[in-house]
Amino acid sequence: MISALYAGKVFHTRLRPRRHKLAYRVFSLLLDLDEIDGLAQTLKLFAHNKAAVFSFHDSDHGDGSGDLRSWVTAQLRAAGIALAAPKITMLCYPRILGYVFNPLTVWFCHDGTELRAILYEVHNTFHERRTYVIRVAPGATAIAQSCGKQMYVSPFVPMECAYDFHIEPPGDRVVVAIDETDAQGLLLKASFAGTRQPLTDATLLRALFAYPLMTLKVTAAIHWEALKLWAKGVPVFRHRAAKARVATTVVES
């Protein structure tokens, strides 16, 4: 089975104008679109588009229509990518007791065994969503990708920024690292590194107690860290609403 649970830590380090660090224990699920229904049928603690202790709802991602496979295909088509043998996996937080907020969902788009593209689906707390579609160079082993920031995310980060992604695709472990830069250079570093565990009722039950109410804590931590940045006197940039609540940027490599 490709689907798995990755347990690890999220790190953020802000360099300017005040230094600020955070680290939280979290876990993510790697879900293969071909396996989700089977997982829901075999696992007691996991459901697909239904209420459960852990669940995955299609409408939480993509364009909200619930047809994720068609949505991914459309994003790839816009980038001029056609997959003869598509294998689509996504790294995300699940709903826990019905609640989730995913700041970033990473989609790995394979053609057979070859990774052809990565989709970075960014959510903000204003219910806006933008996906950056970036082609993976043939035969790439170390994945480094970049794009300009197109959607407001944090009140403490200006819009005029760029993202540099450094990815270690899911295997025994997974790494998603992001450097955000502005006109003055590196502004902040963020990363998630996790170790693979099988996706079973036993690992989900352990995660429930090891990371109690994790998805609620993600949202709470966002606001708590924002309060600390405000107290440090970090400048605030007002939210400018996106032209469309859900949008895609195809990044020319």
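The values are calculated or read from the model by the stated rules, or taken from the named source; none is laboratory data. A quick note: this is a predicted structure, and the numbers were derived from the prediction, not measured. FYI the Cβ positions are ideal-geometry reconstructions off the backbone, even for glycines, and counts take in every protein chain you see.
If you go through the range 32-83 and keep only what is assigned to a helix (DSSP H, G or I) and without any contact (Cβ under 8 Å) to a residue 24 or more places away in the chain, you end up with Asp37, Gly38, Ala40, Gln41, Thr42, Asp58, Ser59, Ser70, Trp71, Thr73, Ala74, Arg77.
Out of curiosity, is His239 more than 29 Å from Cys109 (Cα to Cα), surrounded by fewer than 16 Cβ atoms within 10 Å (Cβ to Cβ) and under 19 Å from the mean Cα position of the chain (by Cα)? Taking the combined requirement at face value, the residue does not satisfy it.
Among residues that are assigned to a loop (DSSP other than H, G, I, E, B), in contact with a helix residue (DSSP H, G or I) (Cβ under 7 Å, 6 or more places away or on another chain) and within 26 Å of Pro212 (Cβ to Cβ), Phe156 is not included. Could you check, for the range 19-34, whether at least one of its residues is under 30 Å from Leu229 (Cα atoms), out of contact with any helix residue (DSSP H, G or I) (no Cβ under 8 Å at 6 or more places or on another chain) and surrounded by 15 or more Cβ atoms within 10 Å (Cβ to Cβ)? Scanning the range 19-34 turns up at least one residue that is under 30 Å from Leu229 (Cα atoms), out of contact with any helix residue (DSSP H, G or I) (no Cβ under 8 Å at 6 or more places or on another chain) and surrounded by 15 or more Cβ atoms within 10 Å (Cβ to Cβ). Number of residues in the range 113-137 that are within 11 Å of Gln75 (Cα to Cα) and either part of a loop (DSSP other than H, G, I, E, B) or of a type in the set (Gly, Ala, Ser) (or both): the value is 1.
Give me the residue from the range 44-86 that is within 21 Å of Glu252 (Cα to Cα) and of a type in the set (Gly, Ala, Ser) and, out of that set, surrounded by the fewest Cβ atoms within 10 Å (Cβ to Cβ). Can you show your working first?
Step one: of the range 44-86, the residues within 21 Å of Glu252 (Cα to Cα) are 62, 71-83.
Then drop every residue that is not of a type in the set (Gly, Ala, Ser), which leaves 62, 74, 78-80, 82.
Working: Gly62: 25, Ala74: 13, Ala78: 12, Ala79: 19, Gly80: 9, Ala82: 11.
In this case the residue turns out to be Gly80.
Where the second residue is of a type outside the set (Gly, Ala, Ser) and in a strand (DSSP E or B) and the first is under 10 Å from Thr219 (Cα atoms) and lies in the range 98-109, which pairs have Cβ atoms under 8 Å and are six or more apart or on separate chains? Taking only residues 6 or more apart or on different chains, the pairs are Phe101/His123; Asn102/Cys92; Asn102/Glu121; Asn102/His123; Pro103/Val122; Pro103/His123.
Answer yes or no as to whether Thr215 is of a type in the set (Ser, Thr, Tyr), in contact with a helix residue (DSSP H, G or I) (Cβ under 8 Å, 6 or more places away or on another chain), at pLDDT 95 or above and surrounded by 13 or more Cβ atoms within 10 Å (Cβ to Cβ). When the stated conditions are applied, Thr215 does not pass them. The residues listed here are Ile167, Ile143; of these, the one that is crowded, with 20+ Cβ neighbours inside 10 Å, closer than 24 Å to Ala82 by Cβ, out of contact with any Gly (no Cβ under 9 Å at 6 or more places or on another chain) and among the hydrophobic types (A, V, I, L, M, F, W, C) is Ile167.
Of note, Ala207 does not satisfy the criterion of being in a strand (DSSP E or B), in contact with a strand residue (DSSP E or B) (Cβ under 6 Å, 6 or more places away or on another chain) and either at pLDDT 95 or above or exposed (fewer than 15 other Cβ atoms within 10 Å of the Cβ) (or both). Is it the case that some residue within the range 113-126 is of a type outside the set (D, E, K, R), over 22 Å from Gly62 (Cα atoms) and surrounded by 14 or more Cβ atoms within 10 Å (Cβ to Cβ)? No, every residue in the range 113-126 fails to be of a type outside the set (D, E, K, R), over 22 Å from Gly62 (Cα atoms) and surrounded by 14 or more Cβ atoms within 10 Å (Cβ to Cβ).
Ala221 fulfils the conditions (1) of a type in the set (A, V, I, L, M); (2) in contact with a Lys or Arg (Cβ under 9 Å, 6 or more places away or on another chain); (3) surrounded by fewer than 17 Cβ atoms within 10 Å (Cβ to Cβ) except for a single criterion, (2).
Yes/no matrix, rows are residues, columns are (1) more than 26 Å from Ala144 (Cβ to Cβ); (2) within 20 Å of the chain's Cα centre (by Cα); (3) among the polar types (S, T, N, Q):
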{"residue": "Asp182", "(1), (2), (3)": "no, no, no"}
{"residue": "Gly185", "(1), (2), (3)": "no, no, no"}
{"residue": "Lys189", "(1), (2), (3)": "no, yes, no"}
{"residue": "Ala207", "(1), (2), (3)": "yes, yes, no"}
{"residue": "Val218", "(1), (2), (3)": "yes, yes, no"}
{"residue": "Ala231", "(1), (2), (3)": "yes, no, no"}
{"residue": "Lys243", "(1), (2), (3)": "yes, no, no"}
